[in-house]
Amino acid sequence: SGLRSKLLEAFSKADGEFLSGQKISEYIGCSRTAVWKHIEDLRKEGYELEAVRRRGYRITKKPDKISSNEIQLGLQTKAMGRNIHFAEEVTSTQKIAQTLAAEGAQEGTIVVADKQTNGRGRMARTWYSPSGTGIWMSMIIRPNIPINNTPQLTLLTAVAIVQAIEEETTLKPDIKWPNDILVNGKKLVGILTELQAEADQVHSVIIGTGINVNQLEEHFPEELRSIATSIYIESGELCERSKLIQAILLKFEALYSLYLSKGFIPIKLLWESYAISLNKVIQARTINGVIEGKAIGIDNDGALLIETDETGIERIYSADIEIKQ
Ligand code: BTX
């Protein structure tokens, strides 16, 4: 609205100095109460404002905007992210990518949204995807691989994301099999891999990644605060989402081309170097029950190998794991 841009203009002129409520109300021509309401609206949009009695307000942090242009400008990939579908708000980027993939979208097409109203995790769980702070992205790829190998792509994606985060921030994230990226034991990233296939022929793989970037602790709902974290919470520094997306696409493209030419082994070695769950006693909750034992590695499919006291070595393809020691 006009008032909103006048308010932002006033702050921009103040150049980081405090602006009193009185000054603001004169500048934009509204009451002090209306000023207060506009300030609250700015906060909801992701602005951070410091309020000091008798001095007024100043903006300490602006929201990080994301758009197709921003992702495209400076992107160094050949195919990944060369076709961008961006929307401010969607139900789920996975759902849109599914439709695009079925309609024949080219490999490397990405769907990015600023906010998801129905972000999905595995097994019908929800993924909290508020606006202004995270990366909610789905990538469409069309590898010529057997269906059984698709879990490898989840591991490959995890490596690409960790490498990109290491490049763009001061963090050193860990990977927890199969799809979590953690910092200090809390979830920073979730990956959801889905596929469209027929018989043993993969038509497309849709890799969804959810990354908490600039959230503050209080931005997370209560029930997530003890398990979720963001780049900002962990590093104390804001991270530009479009830059991080570009880095992820570039790392992904390099690893994916390595994978297509040399197979899973080089990816597996990289993955193992970031994994925290290996050589630890873990408890895996699968659809068929709970398995407890030592995680000894992943096999060439990407399955987790667990050595148990009772049954020897078990291979699991999908589970939630908890590290015991
Ligand atoms: P998951 O099933 O491994 O994890 C889901 C669980 O993670 C939830 O049940 C909740 O406990 C926790 N959680 C929910 N939201 C968050 C969050 N923002 N940060 C940390 N923990 C959270 C992981 O599933 C796969 C998530 C993929 C999300 C992407 S976003 C783009 C794409 N579109 C879409 O709908 N999903 C994917």
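Over 20 Å between C-alpha atoms is what I'm after, so list which of 23/65; 262/294; 37/61 land there. With Cα atoms farther than 20 Å apart: 23/65; 262/294.
Classify segment 226-317 as rounded, prolate or oblate, taking a ≥ b ≥ c as the square roots of the eigenvalues of its Cα gyration tensor: rounded when a/c is under 1.5, otherwise prolate if a/b is larger than b/c and oblate if not.
oblate
Averaging the Cα positions of each part gives two centres, and for segment 77-148 and segment 1-52 these lie 36 Å apart.
Taking a ≥ b ≥ c as the square roots of the eigenvalues of the Cα gyration tensor, the chain is classed as prolate, since a/c reaches at least 1.5 and a/b is larger than b/c. Taking a straight Cα-Cα cut-off under 12 Å and skipping sequence neighbours fewer than 8 places away in the same chain, the aspartates and glutamates within cross-link reach of residue 280 are 292, 307, 322.
Got the relative contact order for segment 182-325 handy, in percent, Cα pairs under 8 Å and 6 or more residues apart?
Relative contact order of segment 182-325: 14 percent.
For segment 170-325, the fraction of C-alpha pairs more than 19 angstrom apart is 62%. The calculated FRET efficiency for the pair residue 240 and residue 276, based on their C-beta separation and a Förster distance of 25 Å, comes to about 0.35. Remark: spin-label model distance residue 118-residue 318 equals 1.9 nm, labels positioned 7 Å along the Cα→Cβ axis.
Listed by chain and number, the aspartates and glutamates placed with their C-alpha closer than 17 angstrom to that of residue 172 are 180, 234, 237, 272; residues fewer than eight positions away on the same chain are left out.
For the chain, a crude dipole built from +1 on the beta carbon of Lys and Arg and -1 on the beta carbon of Asp and Glu, taken about the Cα centre, is about 1060 debye to the nearest 20.
Which residues does the label zone of residue 65 cover in segment 124-158, counting backbone N under 16 Å from a point 7 Å along Cα→Cβ? Flagged as within label range: 132-133.
For the chain, DSSP calls about 90 percent of its internal beta bridges antiparallel. Work out which GluC sites (Glu not before Pro) in the chain are exposed loop sites (DSSP not H, G, I, E or B, at most 13 other Cβ within 10 Å) and give the longest gap free of them. Answer - 104-236.
Every read-out reported here was derived from the displayed coordinates using simple, explicitly stated rules and does not represent laboratory data. All values derive from a computational prediction rather than experimental measurement. Note: ideal-geometry Cβ built from the backbone for every residue, glycine included; neighbour counts use all protein chains shown.
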